[in-house]
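The values are calculated or read from the model by the stated rules, or taken from the named source; none is laboratory data. Every value quoted in this text rests on a predicted model; they were computed, and no experiment measured them. Don't worry about glycine lacking a Cβ; one is built from the backbone with ideal geometry, like all the others, and counts go over all protein chains shown. SASA here: full protein model, heavy atoms, side chains in, ligands and nucleic acids out. Shrake-Rupley method; radii C 1.70, N 1.55, O 1.52, S 1.80 Å.
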Amino acid sequence: MSDAHPMWLRPGPIPGLAGGAVLITGDDPLLDTVRAEARAAGMHLVGPDQPAALVRISIDRASGGAPGTETGFVLTGDGERTVVVAGGASGALCGWFEIVRRAATGRLHEPGTTRHEPAQAVRILDHWDNIDVHPVMGQVERGYAGGSIFFDAGRVRDDLSRVAAYARLLASIGIDRVAINNVNVHAREARLLTDDLADVARIAAEFRPWGIRLHLSVSFASPIVLGGLETSDPLEPAVRAWWREAADRVWAAIPDFGGFVVKADSEGQPGPFADGRDHADGANLLAEAVAPHGGLVHWRAFVYNHTQDWRDRTTDRARAAFDHFTPLDGRFADNVIVQVKHGPMDFQVREPVSPVLAAMPHTRVALELQVTQEYTGQQRHAVYLAPMWREVLDFAPFGAAGPTIADLAAAGGGIAAVSNVGDDGFWTGHPLAQANLYAFGRLAWDATLDPAAILDEWIALTFGSGASGSDGEIAAVVHELLDDSWSTYESYTAPLGVGFMVTPGTHYGPSVDGYEYSPWGTYHFADRDGIGVDRTVATGTGYAGQYPEPWASTYESLDTVPDELLLFFHHVPYSHRLHSGSTVIQHIYDTRFAGVERVDAMVDMWQRLDGRIDGDLFARVRDRLTEQQRSAREWRDHVNTYFLRKSGIADERGRAIHP
Ligand code: GCU
């Protein structure tokens, strides 16, 4: 096993379970995994002649009271014992980890019967890992936790013990699929599909005991770059034959392989446009190849013009995915999942929910989140993202009586997220960023879970339960530090939904005009009078009209647009008054100052744990908080100074800004 931090699965006997008997009935490799877990928790396995076992786990596909899916289970506690009846072996594994959670949170054997079933049938984590170290992006694109756990020295690692530990952690939160390589598929990584299959199969073998299937990101130009064909035209018979053979080879090597992830005609990646075809043609080409094997194609909707002219106010990047994809609704094969980022731009700290998620009723659409903190502090800032994700999942695009985003994803392609782990000893660089990975899995399983409750669960598992004594202090500090940290981050970075203002390229730290005169389509349009992007139908780009009612009208009007999204939808004078009562300029000043004060408080809070927590972990978090404090001040001063200079409007409270 690896000597990395155990994250939320603390090693050794589990209090309340250790010493007890467990009866696990059935024959399946995943049940062997459950047996090994129970043993590691200190339980002893018994046979069916011992009905008094503390924990009993069995599979009943037919009745069982289980929800009828492989992964579902029914859990019954009577105060002294727990019984899990699962719909399949994966349900038994998930049921076991539910017992572990209950043990950690003081709910072991809690009386009553509860049914458990993943809300999202597909729960995939995407890794943006390269084999080679990319000159600009490093090995893990947008990775903030060291190198890849899969690849090293130009190939798949010999020692995959970190992968085994990772698979176990993911299984414990219900993740069922992992894509191991970057969506930007460079030349070396393209060959994973062919030359490296034996090594990819080794990785798949590490995930298999945990019920997790492996996916690969592939290049749409593979028939050219790997197959030596002259074209990758999706309608060309030779191209179709190439993909079918490629898929056959993959499944011959990895019988439970999951499918392909594709970024096509996006930020320079090859795609069907080269041959005058569209995204449905492209996706269906791959779908046809993987269909005989029960495979999936995750086709990403992150398609926009990244070479636009900043002078051109009519082109709006926010519109692009909707404009490209919604006309294709109904043309995608059944095993194609169109994977849509949660917002129309790019994983900003605040964006409206992408209207594409609600606009393709005849397509399997998946929601894509970013656990890796590209635009949310890069795992140097403590930012607990579950509250943001919960807002996205709860959004009801057709109004309160209609389905939520969680419902739409559940009915379609499920949920995906970009992972935040690397070969760092704490997995995630910032130890507290482990909470985000944990929360993603839990929300993918059940979108109605309360982010604060997930946080407490993660804290109990990670730091030990103890509701009282010194453990209680740890839990209180970590909770307080993280609970509101998303809104803290928002309050010192780009204001009111306008987005970006980050250093170009790295995307870390403030640069208010960094992208203003760039081709990337990410502008704030601040001048001496006002700021924001007019995306209204009446006078702007028309993006607001991509929403169904009631949202199209809500966003269109200054009277109803939520404050936090004001500048995403409207260009307003600095003197514009928010619903909160503050003017835009005063809001900018006030929240930047308040944000830094909250970070100062976070630094002090953590200090209270000095000597009460593992020294390395304490020091790592302390150092990151120090950097967050420095960076938050930098953000405050850049943003405030910039807007004071632009607007000439002084802070009502006369605080130190630097004109
Ligand atoms: C962002 C990110 C890129 C990534 C892209 C994507 O733009 O900065 O590194 O490749 O998203 O999602 O494909």
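List of remarks:
- The residues on offer are Glu117, Glu80, Glu70, and the sole one that is open to solvent by 60 Å² or more (accessible area, probe 1.4 Å), of a type outside the set (Val, Ile, Thr) and free of Cβ contacts under 8 Å to residues at least 24 places away in the same chain is Glu70.
- First in segment 502-513 and small (Gly, Ala, Ser), second anywhere and away from the ligand (no atom under 11 Å from the Cβ), Cβ under 7 Å, 6 or more apart: Gly509/Thr503; Gly509/Ser631; Gly509/Glu634; Ser511/Met501; Ser511/Thr503
- Of the residues making up segment 360-383, those that are away from the ligand (no atom under 14 Å from the Cβ), surrounded by 24 or more Cβ atoms within 10 Å (Cβ to Cβ) and within 21 Å of Ala601 (Cβ to Cβ) are Gly377, Gln379, His381, Ala382, Val383.
- Candidates Gly472, Gly497, Gly464: the one that is touching an Asp or Glu at 6+ places or on another chain (Cβ under 6 Å) and closer than 30 Å to His5 by Cβ is Gly464.
- For the criterion of being within 25 Å of His127 (Cβ to Cβ), outside the structural domain of Asp616 (by TED's automatic domain parsing), over 14 Å from the mean Cα position of the chain (by Cα) and of a type in the set (A, V, I, L, M, F, W, C), Leu482 passes.
- Reported count of residues in segment 288-309, each being in a loop (DSSP other than H, G, I, E, B), touching a helix residue (DSSP H, G or I) at 6+ places or on another chain (Cβ under 8 Å) and within 16 Å of the ligand (Cβ to nearest atom), is 6.
- Test: residue in segment 247-256 that is under 25 Å from the mean Cα position of the chain (by Cα), within 26 Å of Val418 (Cα to Cα) and open to solvent by less than 60 Å² (accessible area, probe 1.4 Å): yes
- Check on Gly399, within 16 Å of the chain's Cα centre (by Cα) and either within 14 Å of the ligand (Cβ to nearest atom) or assigned by TED's automatic domain parsing to the domain that holds Arg142 (or both): no
- Of Thr326, Thr314, all but one fail to be out of contact with any strand residue (DSSP E or B) (no Cβ under 8 Å at 6 or more places or on another chain), of a type in the set (Ser, Thr, Tyr), in a helix (DSSP H, G or I) and more than 16 Å from the ligand (Cβ to nearest atom); the exception is Thr326.
- Considering segment 120-202, the qualifying strands (runs of 3 or more DSSP E), each wholly inside and each with 1 or more residues that are without any contact (Cβ under 8 Å) to a residue 24 or more places away in the chain and away from the ligand (no atom under 14 Å from the Cβ), run over 129-134.
- Single condition Gly174 does not satisfy, out of (1) among the small types (Gly, Ala, Ser); (2) over 21 Å from the mean Cα position of the chain (by Cα); (3) at positive phi: (2)
- Checking each residue in segment 389-402 for being in a loop (DSSP other than H, G, I, E, B) and touching a residue at least 12 places away in the same chain (Cβ under 8 Å) picks out Phe395, Pro397, Phe398, Gly399.
- Within segment 329-355, being more than 16 Å from the ligand (Cβ to nearest atom) and open to solvent by less than 30 Å² (accessible area, probe 1.4 Å) holds for Phe332, Asn335, Val336, Pro352, Val353, Pro355.
- Flag for Gly95 being within 16 Å of the ligand (Cβ to nearest atom) and either outside any loop (DSSP other than H, G, I, E, B) or over 19 Å from Pro209 (Cα atoms) (or both): no
- Filter result (of a type in the set (S, T, N, Q) and touching a residue at least 40 places away in the same chain (Cβ under 8 Å)) within segment 600-658: Gln628, Ser631, Asn640, Ser647
- Val303 vs. criteria surrounded by fewer than 23 Cβ atoms within 10 Å (Cβ to Cβ) and touching a His at 6+ places or on another chain (Cβ under 8 Å): yes
- Of the residues making up segment 333-364, those that are in a strand (DSSP E or B) and either in contact with a helix residue (DSSP H, G or I) (Cβ under 6 Å, 6 or more places away or on another chain) or in contact (Cβ under 8 Å) with a residue 60 or more places away in the chain (or both) are Val336, Ile337, Val338, Gln339, Val340.
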